[in-house]
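The structure under discussion appears below in the form of C-alpha cells.
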Amino acid sequence: PFPMEWVKYYDSKGVVVQVAFEPNGGLHEVVDGPYIREWARQANKSGAMILLRWASEMNGSWVAWYGNPPLYIQKWRLIYNIMKEEAPNVAMVWAPNDIPNNPQSPANYIHSYYPGDEYVDWVGIDFYAVYYYENGTPERTDHREKLRVVYDTYASRKPIIICEWAATHYTTRVNPPEWTIDYAIAQ
C-alpha cells in the first residue's frame, strides 16, 4: 500500500520524498488495475511532491524485472501514464544501476531500458563505492565515473539524481573476534 503516514510526515518537514516501488513478482504481474490505481490516488491525496523510482536497477540480474528491455519499457510507460492521470504530484525517476553496463548485452545495457524522454521526469542512478573486494583487491576507479554513464547521456535534457549510493567495505576476515568499523579514505 501507499506509505501515507511516512510521506505526510516528511512532506510536513518540507522534504521531497523518494519512494522505491518494485514489481517483485516480475513485469508480467504489472497491470492497469485497482491496486496501482488506488496507490496512485493515495499518492495524489497525500499532496506531497513524490519522486517515484519505479523498478530501478532493471539492468541487473538480481531483480525480478531484469532481462526484457521491451517489456520493461512497456510496463514503465503504463505506470507513467497512470501516475500522470491519477497523481500529477508524482515525478517518475528512471534509475538503472551503474553495473553491469555492457552495450553488447541488451539485458545489461542501461540505455536499452530507457522508456523515452516523454516518459521520464528524472534520471537517476544507483551505485556503490566498493573500496575492497572480497579477495582484498582495492578498487581504484574514480567513483564519479559511475555517475558519468547517465550524466553524459541524459543531463542535457533531464534532471539527474543519485538515488542510492553507499560506501562498502569487503574483507577477507572471517569470524572476527569483535565487530570493528574500518574507514576507507579515498585518495
- Query: Considering only the stretch 78-99, how many residues are under 16 Å from the mean Cα position of the chain (by Cα) and open to solvent by 50 Å² or more (accessible area, probe 1.4 Å)?
  - Reply: 1
- Subset of the stretch 59-84 [at pLDDT 95 or above and among the hydrophobic types (A, V, I, L, M, F, W, C)]: Val63, Ala64, Trp65, Leu71, Ile73, Trp76, Leu78, Ile79, Ile82, Met83
- Of the residues that make up the stretch 20-33, is at least one among the polar types (S, T, N, Q) and in a helix (DSSP H, G or I)? no
- Message: Regarding the stretch 61-68, can at least one residue be identified that is in contact with a helix residue (DSSP H, G or I) (Cβ under 8 Å, 6 or more places away or on another chain), more than 19 Å from Val120 (Cα to Cα) and open to solvent by 70 Å² or more (accessible area, probe 1.4 Å)?
- Response: no
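Residue by residue, here is whether (1) free of Cβ contacts under 8 Å to residues at least 24 places away in the same chain; (2) within 17 Å of the chain's Cα centre (by Cα) holds:
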site: Pro1; (1), (2): no, no
site: Val15; (1), (2): yes, no
site: Val63; (1), (2): no, yes
site: Pro70; (1), (2): yes, no
site: Ser112; (1), (2): no, yes
- Message: If I ask for residues that are of a type in the set (A, V, I, L, M) and either surrounded by 15 or more Cβ atoms within 10 Å (Cβ to Cβ) or more than 18 Å from Glu86 (Cα to Cα) (or both), which ones from the stretch 18-47 would you list?
- Response: Val19, Ala20, Leu27, Val30, Ile36, Ala40, Ala43
- Tell me which of these Val15 doesn't satisfy, since it passes every other one: (1) open to solvent by 10 Å² or more (accessible area, probe 1.4 Å); (2) in a helix (DSSP H, G or I); (3) not small (Gly, Ala, Ser). (2)
- Query: Given (1) within 13 Å of the chain's Cα centre (by Cα); (2) within 26 Å of Val7 (Cα to Cα); (3) open to solvent by 30 Å² or more (accessible area, probe 1.4 Å), where does Ala55 come up short, assuming only one miss?
  - Reply: (3)
- Val93 passes all but one of (1) assigned to a loop (DSSP other than H, G, I, E, B); (2) of a type outside the set (Gly, Ala, Ser); (3) touching a Lys or Arg at 6+ places or on another chain (Cβ under 6 Å); which number fails? (1)
- Task: Answer with yes or no whether Asp117 is among the charged types (D, E, K, R), open to solvent by 30 Å² or more (accessible area, probe 1.4 Å) and modelled with pLDDT of 65 or more.
- Result: yes
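The values are calculated or read from the model by the stated rules, or taken from the named source; none is laboratory data. Predicted model, so just to flag it, every value in this text is computed and none were measured. FYI the Cβ positions are ideal-geometry reconstructions off the backbone, even for glycines, and counts take in every protein chain you see. Ligands, DNA and RNA are stripped out before the accessible areas are found, and what is left, the full protein with its side chains, is counted by its heavy atoms. Shrake-Rupley method; radii C 1.70, N 1.55, O 1.52, S 1.80 Å.
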